[in-house]
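The values are calculated or read from the model by the stated rules, or taken from the named source; none is laboratory data. This one's a predicted model, so the numbers in the text were calculated from it and none came from an experiment. Don't worry about glycine lacking a Cβ; one is built from the backbone with ideal geometry, like all the others, and counts go over all protein chains shown.
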Amino acid sequence: MRKIIHLDMDAFFASVEMRDNPALRNVPMAVGGSSDRRGVLSTSNYLARKFGVRSAMPTSLAKKLCPQLIVVRGNMRKYVEASEKVLEIFHQYTNLVEPMSLDEAYLDVTDCNLFHNSATLIAQDIRKKIFEATQLTASAGVAPNKLIAKMASEINKPDGIFTIAPYQVDDFIKTVPIEKLWGIGKVTAKRMHEMDIKTCLDLQRYNRDEMIHHFGKFGDSLYDFCRGHDERELEIEYERKSLGTEETFADDISDFEEMKTHVARLVEELKESLLSYDDKTIKNLHVKIKYFDFKQTTIERKLAVEAENFLYLLEERWSQDPRPIRLLGVGVKFEETREPSLPNYQLSLLTDPKL
């Protein structure tokens, strides 16, 4: 039986800012753009969340919900530095580490002999070392697979740990809302609700063939997931192949000039992140667009990392299908090298509501 830990930093960007500025620790605060420039929040601390403030929310709306909210501009260099320290700690326990973003990762500690191979005690020790090294807290979920471990890490947030033993999986998964299952988005969730499917127990009424009939190829995996079964291995890569940042908007955007403003800001964030990878050679630039109906498209070219080049790509692709959009992203692809480097994972800067 595998032993998987999911580690998730608590309100990561906001926690770094509170660590570095004690005046922010006991007030509602968030990291994001200015309200007078149609800014959007990337994350908020837990005090702000009590007022309904969430990531990807327009700063203007956040300040209506919480007038005393303090909004600070993000500093990606600090966040990357803290993330790299955390990653180094993970590798002290196992080489089987799958980083998902700057603030979360899966660890397979099945063969880790520390603490008599107790994954719970290993997770506790990791959290302790993270705090000692960064003064930041992390929450952990311990389970026999990735699916359940991620769910477990959310139960005792912030600064907590929750373990689901193999014999507890069957009872646990039955009560889980279908929205919590990996791979289920808003469209699929809405369809399930129309079929009177709200929990994993409801989904278990369908056999594998029926799942595939209703949900296509994904139905095959869904049959296992709703029963708490997940055979996915950790994806371990040792060369970063890309770097990017994206933003999901609270309201769909139809105005092209507004799109350009968002892309220009995303490019500046990308450039700041690239400072940590000056040993890499950039191969191509890309721009990602997701429309209001969730249709997604990407355009890629070999160009210099300049704002005007990203704007050129945006205009070229959007003009081919000028409809309202809900997400914009910019990024680069690196030339591959023969030497292994850091694990490959995408920097999701503004889209994760748990940051």
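In the range 262-293, which residue that is among the polar types (S, T, N, Q) and buried (at least 16 other Cβ atoms within 10 Å of the Cβ) is nearest to GLU315 (Cα to Cα)?
For the range 262-293, the residue satisfying everything is SER273.
When you check LEU201 against the structure, is it more than 27 Å from PHE294 (Cα to Cα) and either hydrophobic (A, V, I, L, M, F, W, C) or not assigned by TED's automatic domain parsing to the domain that holds LEU274 (or both), yes or no?
The answer is yes for LEU201.
Does ASP8 fit the bill of being touching a residue at least 24 places away in the same chain (Cβ under 8 Å), out of contact with any Asp or Glu (no Cβ under 8 Å at 6 or more places or on another chain) and not aliphatic (A, V, I, L, M)?
no
Give me the strands (runs of 3 or more DSSP E) completely within the range 89-153, filtered to those with at least 1 residues that are acidic (Asp, Glu), ordered by residue number.
Here the list reads 97-101, 104-108.
So is THR163 more than 30 Å from ASP293 (Cβ to Cβ), hydroxyl-bearing (Ser, Thr, Tyr) and surrounded by 13 or more Cβ atoms within 10 Å (Cβ to Cβ) or not?
yes
Here is a check on your reading of the model: is GLU98 among the acidic types (Asp, Glu) and under 22 Å from ALA152 (Cβ atoms)?
yes
Given (1) at pLDDT below 95; (2) in contact with a helix residue (DSSP H, G or I) (Cβ under 9 Å, 6 or more places away or on another chain); (3) under 24 Å from GLU235 (Cα atoms), identify the lone condition not met by MET76.
So the condition that MET76 fails would be (3).
So ASN95 fits all but one of (1) under 23 Å from the mean Cα position of the chain (by Cα); (2) more than 24 Å from ARG265 (Cβ to Cβ); (3) at pLDDT 95 or above; what number is the exception?
Here ASN95 meets the rest and fails (3).
Considering only the range 263-301, state which residues are small (Gly, Ala, Ser) and at pLDDT below 90.
Across the range 263-301, the qualifying residues are SER273, SER276.
Do you know which residues across the range 262-319 are in contact (Cβ under 8 Å) with a residue 60 or more places away in the chain and either among the aromatic types (Phe, Trp, Tyr) or more than 28 Å from ARG73 (Cα to Cα) (or both)?
Within the range 262-319, PHE294, TRP318 meet the criteria.
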